[in-house]
Amino acid sequence: MTQIVTILTQGFADWETALLNAVARSFYGVETLHATPDGESVTSSGGMRIVADLAIADIDIGALDALVVCGGAAWQADEPPDIAPQLRAARAAGKVIGLICDGTVAGARAGLLDEVAHTSNGVGYLAFTGYAGAARYSDVPEAVADGPIVTAAGTAPVSFMVEVMRGLDLADDNLAYYVGLHRAQHGAAA
């Protein structure tokens, strides 16, 4: 069974990964798990409380197919959770890695965005991390996929979901139909 593990922190941006996890679980039978720094419950910026399935330290990279990092203010804190070992291990194993909004900060700090095309919340947004990938940054409103790494601004949860699903080889006519519903609402391609 395909498995997605989404990393959440206190104050996570609930809209950023909710669509991905809901579509993957409800329509494709994907196992969706949520990991937090200590394995305890966290509350989103919108007040949604999530009971974690596991702690970040307990993530089994070999068992998952995608590792997703949801945005939230914790990634810009003075002492953010250190998920570089998990991100690097997932990269080395060829797993799909999804980084959205401030999740891209964690990816930049781990060195994942130094040599791949990527996006985030705006030009220069990742500069404070000291990463070496600024020349590969794309200033676009939709998600960017480069191999198994998918990045997106916090305003792009639909295209983020699409690119992660494509990375998992789960894009099909049903997904295209679902995305078409969103496209119709906004009058633009997702």
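The values are calculated or read from the model by the stated rules, or taken from the named source; none is laboratory data. All figures in this text were calculated on a predicted structure; none of them were measured in a lab. Here Cβ is always computed from backbone atoms with ideal geometry, including for glycine, and neighbour counts include all displayed protein chains.
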Legend entry - Enumeration of residues in the stretch 107-121 that are farther than 19 Å from Leu64 by Cα and crowded, with 24+ Cβ neighbours inside 10 Å: Ala108, Leu113, His118, Thr119, Ser120
Inset, instruction - Evaluate the stretch 112-129: report whether one residue or more is without any contact (Cβ under 8 Å) to a residue 12 or more places away in the chain, of a type outside the set (A, V, I, L, M, F, W, C) and either in a loop (DSSP other than H, G, I, E, B) or touching a Phe, Trp or Tyr at 6+ places or on another chain (Cβ under 6 Å) (or both). - result: yes
Legend entry - Per-region count, the stretch 122-143, residues in contact with an Asp or Glu (Cβ under 8 Å, 6 or more places away or on another chain) and at pLDDT 95 or above: 5
Inset, instruction - From (1) crowded, with 23+ Cβ neighbours inside 10 Å; (2) assigned to a loop (DSSP other than H, G, I, E, B); (3) out of contact with any strand residue (DSSP E or B) (no Cβ under 8 Å at 6 or more places or on another chain), pick out the condition that doesn't hold for Ala132. - result: (1)
Inset, instruction - Give the stretch 11-56 a look and list any residue that's closer than 22 Å to Glu79 by Cβ, surrounded by fewer than 18 Cβ atoms within 10 Å (Cβ to Cβ) and in contact (Cβ under 8 Å) with a residue 60 or more places away in the chain, or say none. - result: Gly11
Legend entry - Selection count where residues are among the small types (Gly, Ala, Ser) and within 16 Å of Asp172 (Cα to Cα), scope the stretch 23-43: 3
Inset, instruction - Give the number of residues within the stretch 57-79 that are farther than 22 Å from Ala18 by Cα and buried (at least 17 other Cβ atoms within 10 Å of the Cβ). - result: 0
Legend entry - Tally of residues being farther than 12 Å from Ala106 by Cβ, in a loop (DSSP other than H, G, I, E, B) and touching an Asp or Glu at 6+ places or on another chain (Cβ under 8 Å) across the stretch 53-88: 0
Inset, instruction - Tell me, yes or no, whether the stretch 161-168 has at least one residue that is assigned to a helix (DSSP H, G or I), acidic (Asp, Glu) and more than 12 Å from the chain's Cα centre (by Cα). - result: no
Inset, instruction - Give the residue that is nearest to Val69 (Cα to Cα), with candidates limited to residues of the stretch 1-10 that are crowded, with 24+ Cβ neighbours inside 10 Å and of a type in the set (S, T, N, Q). - result: Thr6
Inset, instruction - Go through the stretch 13-52 residue by residue and tally those that are on the phi > 0 side of the Ramachandran plot and either part of a helix (DSSP H, G or I) or touching a helix residue (DSSP H, G or I) at 6+ places or on another chain (Cβ under 8 Å) (or both). - result: 1
